[in-house]
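What follows is a single structure, written as C-alpha cells, with notes after it.
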C-alpha cells in the first residue's frame, strides 16, 4: 500500500479514502513503520495535503513520535525532508526541529552536493513555518514588500489588462510583489474594511490603518492542485496559509481557465472575486482535512 501511495503522489492524485484508511492503520499500529516507510508517508501526505478528518492531532503526534524514535540514526538529508514535510502540513515537530537547527548551526546540513539549492529552499520554508505557524505569531501591522519587476510575464498580461479596465488605473493595484519569507504574489489589491472600495496603492501605503483589506491574487497552474480537483497540493496550501497569516485574503485563480475567458468575461470574473465579501473568507482553512 505504501508503494501504491507513492505512485499516486507521483501522479499528484489524492486517493482520499485509501489515505484515510492507511492513516487509521498508522495511528493504531505505528510500529510497522520503518524509517524508509515513514519518510514516504510524510512525503505523500504533505505533498497531497491530506490530514485525516477529526484526528489531526493524533495523526501528527503519531508521526512525530515515530520520527523521534529514528532521530539517533536518521541522516541529515532525511531529517530535513521529514521536518519539511510536517511543516508543510502546519505541524512543528519541536524535538526534530531542534536537532535540525543544531545541525544547521554547525554547518552540517548544506553540503556542496547536487541538491544544495533544493535543501536551502526546504530549510528556508522550515524557518518560515517556525515563525508563521507558531501559536505566538500575530498578524503584523505592516508587511514590507517590494515590486519585483515592472515587467509582467506573458502569462499574466491578460489579468493585468483586465484589472486596468476594471479599476481604471494601474495605480489601483500592484503586480509581481515580493514579500518576506521569499513569498511572491502576482497582484495585490487593497480595499476598505467593507470590501466595497478599492484604494489607490499610494494612499493605502500612507494609511497604516489595520482595517485596510489586502487581496493577493495568485494565478496557479493546474499542477499545483491534486489531480482532477481544486484541492491545493501541500506547497500551495502552505503558501496560502502563510499569506493569510501575513494579513492577505488569498484568491486562487486557475490560470488555464482564466486564459480561455474572453476579455469581457475576464473582467467580470475579477470583479466578482474582488467585490465579493464572502468569496474567500479570511479564516479559510488551507491545509484541509479529508473531504
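The values are calculated or read from the model by the stated rules, or taken from the named source; none is laboratory data. All values derive from a computational prediction rather than experimental measurement. When we count neighbours, we look across all protein chains shown, and the Cβ atoms used for this are built from the backbone with ideal geometry, even at glycine.
Condition check ((1) closer than 29 Å to residue 233 by Cβ; (2) at pLDDT below 95; (3) over 27 Å from the mean Cα position of the chain (by Cα)) across all residues:
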residue	(1), (2), (3)
164	no, no, yes
169	no, yes, yes
178	yes, yes, no
197	no, yes, yes
200	no, yes, yes
209	no, yes, no
213	yes, yes, no
219	yes, no, no
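In the set 146, 131, 165, only one residue is touching a residue at least 12 places away in the same chain (Cβ under 8 Å) and touching a strand residue (DSSP E or B) at 6+ places or on another chain (Cβ under 6 Å); that residue is 146. Within segment 20-40, being touching a helix residue (DSSP H, G or I) at 6+ places or on another chain (Cβ under 7 Å) and part of a helix (DSSP H, G or I) holds for 22, 23, 26, 27, 30, 35, 37, 38, 39, 40.
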